[in-house]
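Have a look at the structure below before the remarks.
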Amino acid sequence: MPDKAELIYFDGDSPADYRDTVTMKWQVHYEGGVSQFDYFNALQRFTAIEGMPQRRQKYVSTETLNVGVNIYALHHHGVMRDPKDAKSLWDWTVTFGPPPTGAPIAEDGGGDNNGEPDQNQNPYSGDPTQWGPEINVEYYDTEVPVTDAKCTVDLPHGDGSGGVRPSTEAGPLVNAVGQQHIDRMYRTKRIPVLVVRKNYPKLESITKQNVAFADSTNSDTYKFIGPRRMEYLLTESLGRVVDSGVSGSQNVYWPGVTKIALHKTTDIEIDNVGFQYWDDENSKIVKAVDDDGNEPSEPINLNVDGTRNAESNRLVFRDLEEKAYAGLFEVYVEPS
């Protein structure tokens, strides 16, 4: 007579966070008994009985595959009931739970689901480094100087040259005669940060990524985010993970978290002003003076070539190296 099992206990829990769990217990009669020292032989024989769950197997009801229940056999616990007799009667408790963080979970049982594996595919049967990234958003606060603002009223002599500064135009913070304030004004700015979690094959892979993207900004467009709007901050390791796959296979990988700041732009802008300018007639840099021959109290506006300019303008600088960021939001590929 072959080994046979009888279901004697069932307990299911579906909490608010949808991390469902199911506990099931079977009483198993082993034909010919099992040595009390041969636990793993008993486990192997238990999972070989028709209908019994193997390690990391997806939960299956007695009638049909539960496509909407994405839980797996995570824990097997066996107890010998008759150690003094034939050693043939055992109780096996199996706990089913959700897959680890980052494992692909589809919204339904069919289709491609935006590039992620179908829910019927067991995430424990594949390579965890091939799981799709999990992307979230957090933020950090920083103090930044206010460089441009609109005045609520027109300033008849507020453009710095005695002319009108309209309330519709943004510019430096000035008084009614166009003089900038000595004390800079600051505002707390909340910087959004994209948080990308994915698995890496080696710790060295995370180190290489940090080196490759340090002091960089994006040269490409990711979804609606255009070039030079993202700034790579770092990728940190969450530590080495050794996880059992289906039927006892072993996966070793390093989960990593990449943080990328979002900005209006990563360009640096400065007012093109100074107390010196380029004199074309004498081909040299000279000090600026007012109509009375005195040094001006405020810096004068300059053109791009350094000559005097009645209109204010800004110079744009870029200190971050431009790199393609698309790969940061995809499964990690070891650089060749």
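The values are calculated or read from the model by the stated rules, or taken from the named source; none is laboratory data. As the structure is a prediction and not an experimental result, all values here were calculated from the model. Cβ coordinates were reconstructed from backbone atoms using ideal geometry, including for glycine residues, and neighbour counts include every protein chain displayed.
Summary table
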item	result
Residues that are charged (D, E, K, R), outside any strand (DSSP E or B) and within 30 Å of the chain's Cα centre (by Cα), drawn from segment 246-299	264, 267
Complete set of residues in segment 269-293 that are surrounded by 12 or more Cβ atoms within 10 Å (Cβ to Cβ) and hydrophobic (A, V, I, L, M, F, W, C)	273, 275, 278, 288, 289
Lone unmet requirement of (1) farther than 30 Å from residue 53 by Cβ; (2) outside any strand (DSSP E or B) for residue 331	(1)
Search result, residues across segment 1-60 that are under 15 Å from residue 87 (Cα atoms), part of a loop (DSSP other than H, G, I, E, B) and under 40 Å from the mean Cα position of the chain (by Cα)	none
Subset of segment 193-221 [outside any helix (DSSP H, G or I), without any contact (Cβ under 8 Å) to a residue 60 or more places away in the chain, closer than 22 Å to residue 263 by Cβ and not β-branched (Val, Ile, Thr)]	214
Number of the condition not met by residue 87 [criteria: (1) under 30 Å from the mean Cα position of the chain (by Cα); (2) part of a loop (DSSP other than H, G, I, E, B); (3) at pLDDT below 80]	(1)
Condition check for residue 251: of a type outside the set (Phe, Trp, Tyr), on the phi < 0 side of the Ramachandran plot and surrounded by 14 or more Cβ atoms within 10 Å (Cβ to Cβ)	yes
Residue in segment 131-163 that is farthest from residue 199 (Cα to Cα), counting only those that are surrounded by 13 or more Cβ atoms within 10 Å (Cβ to Cβ) and of a type in the set (A, V, I, L, M, F, W, C)	155
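Residue-by-condition table, conditions (1) under 25 Å from residue 159 (Cβ atoms); (2) touching a residue at least 40 places away in the same chain (Cβ under 8 Å); (3) surrounded by 12 or more Cβ atoms within 10 Å (Cβ to Cβ); (4) in contact with a Phe, Trp or Tyr (Cβ under 6 Å, 6 or more places away or on another chain):
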site: 243; (1), (2), (3), (4): no, yes, yes, no
site: 257; (1), (2), (3), (4): no, yes, yes, no
site: 295; (1), (2), (3), (4): yes, no, no, no
site: 303; (1), (2), (3), (4): yes, no, yes, no
site: 310; (1), (2), (3), (4): yes, yes, no, no
site: 328; (1), (2), (3), (4): no, yes, yes, no
site: 332; (1), (2), (3), (4): no, yes, yes, yes
